[in-house]
Amino acid sequence: MASTPAGNPTTRVHVVSDVHGNARDLARAGEGADALICLGDLVLFLDYADHSRGIFPDLFGVANADRIVELRTARRFTEAREFGARLWAGVEGDRAALIEKAVRKQYAELFAAFPTPTYATYGNVDMPPLWQEYVGPGTTVLDGERVEIGGRVFGFVGGGLRTPMRTPYEIGDEEYAAKIEAVGEVDVLCTHIPPEVPELVYDTVARRFERGSRALLDAIRRTRPRYALFGHVHQPLVRRMRIGATECVNVGHFASTGKPWALQW
């Protein structure tokens with residue numbers, strides 16, 4: 001527990017999301033805090049700001065990364081999938097095995113960087129089956145679950161909703177809504193994706209609306225948590241806004257800033 005100048009005990013929590021391979025800053029993200037919260041997307045498949053970084057350019061080169069980003073940004077998802085399929089057809093070895101090997105390499109470094117204690121949930125580009133192999137004793141993984149930190153109740157819901165991008169951890173709306181329902185009333189609601197509000201789901205750089213959750217929005221209005229924290233949208237129109245009694249905060253994009261968002265009480 002930290003202390004104020006007057007000597008009153010306080011709790012300070014640092015929150016990050018969309019780490020996307022930034023292990024160096026992740027190792028420092030918990031400094032000065034009683035706990036670190038990570039809202040997922042540890043893996044870096046492709047950096048839309050720097051097309052030379054990630055699993056995709058490592059396998060296929062920067063020029064091909066440039067092309068697939070161009071297609072996806074233009075929402076030409078069918079062409080992007082066909083282009084990707086042609087690239088994979090020229091690769092020796094099993095596609096799933098190659099991706100898993102690259103992801104494992106990133107997870108080994110990233111999970112080792114987590115401070116103690118860390119509370120984490122999955123992002124849509126994460127691979128949940130692999131997490132238990134790398135999570136250390138100081139890290140608690142939660143999905144559709146609650147935990148108390150410093151006298152406040154935090155609820156966690158990981159993953160994303162299904163999209164044409166077909167990222168690894170996308171689930172159906174009903175399954176996602178069930179996890180929101182399982183969390184119930186909390187002081188701080190922590191999710192990877194935002195509530196379905198236009199200002200919170202539109203990415204100004206990718207120039208598209210990402211998928212937010214209507215069930216999450218309904219839960220915020222109904223249960224009125226103090227905070228709703230999320231990431232997923234890297235460059236939103238609005239990073240912070242109130243929905244009724246709830247302060248909604250986009251705590252990403254950690255990969256580019258390297259700075260956690262701090263919550264203290």
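The values are calculated or read from the model by the stated rules, or taken from the named source; none is laboratory data. Nothing here was measured: the structure is a model prediction, and the numbers come from that model. Note that each Cβ is placed from the backbone with ideal geometry, even for glycine, and that neighbours are counted across all protein chains shown. What goes into the accessible areas is simple: the full protein's heavy atoms, side chains included, and nothing from ligands, DNA or RNA. Shrake-Rupley method; radii C 1.70, N 1.55, O 1.52, S 1.80 Å.
Observations, loosely collected:
- Of residues in the stretch 126-180 being surrounded by 19 or more Cβ atoms within 10 Å (Cβ to Cβ) and assigned to a loop (DSSP other than H, G, I, E, B), the one modelled with the lowest pLDDT: P168
- Candidates in the stretch 74-106 are the residues that are more than 22 Å from Y169 (Cβ to Cβ) and open to solvent by less than 50 Å² (accessible area, probe 1.4 Å); of these, the one that is farthest from the chain's Cα centre (by Cα) is V91.
- Residue that is in contact with a Pro (Cβ under 9 Å, 6 or more places away or on another chain), in contact (Cβ under 8 Å) with a residue 24 or more places away in the chain, part of a helix (DSSP H, G or I) and not hydroxyl-bearing (S, T, Y), where the choices are L216, L189: L216
- Every test in (1) within 13 Å of A255 (Cβ to Cβ); (2) at pLDDT 90 or above; (3) touching a Phe, Trp or Tyr at 6+ places or on another chain (Cβ under 6 Å) is passed by A65 save one, and that test is (1).
- When L42 is tested against the conditions (1) closer than 19 Å to E133 by Cβ; (2) of a type in the set (A, V, I, L, M); (3) not in a loop (DSSP other than H, G, I, E, B), the lone failure is (3).
- Selection within the stretch 114-125 - crowded, with 23+ Cβ neighbours inside 10 Å and out of contact with any His (no Cβ under 6 Å at 6 or more places or on another chain): F114, T118, A120, T121, Y122, N124, V125
- Those residues of the stretch 70-85 which are part of a helix (DSSP H, G or I) and either at pLDDT 90 or above or in contact with a Leu (Cβ under 7 Å, 6 or more places away or on another chain) (or both), in sequence order: E70, L71, T78, E79, A80, R81, E82, F83, G84, A85
- Flag for R224 being open to solvent by 70 Å² or more (accessible area, probe 1.4 Å), modelled with pLDDT of 95 or more and farther than 30 Å from T78 by Cβ: yes
- For the stretch 192-213, residues that are surrounded by fewer than 17 Cβ atoms within 10 Å (Cβ to Cβ), in a helix (DSSP H, G or I) and β-branched (V, I, T) total 0.
- Which numbered condition L42 fails, given (1) at pLDDT 95 or above; (2) open to solvent by 10 Å² or more (accessible area, probe 1.4 Å): (2)
- Selection of first residues in the stretch 138-150 that are touching a residue at least 12 places away in the same chain (Cβ under 8 Å) and of second residues that are among the small types (G, A, S) and not in a strand (DSSP E or B), restricted to Cβ pairs under 7 Å at least 6 apart or on distinct chains, gives the following pairs, ordered by first then second residue: D143/G158; G144/A182.
Conditions tested, residue by residue: (1) aliphatic (A, V, I, L, M); (2) closer than 18 Å to T167 by Cβ.
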site: V62; (1), (2): yes, no
site: T73; (1), (2): no, yes
site: F77; (1), (2): no, yes
site: D94; (1), (2): no, no
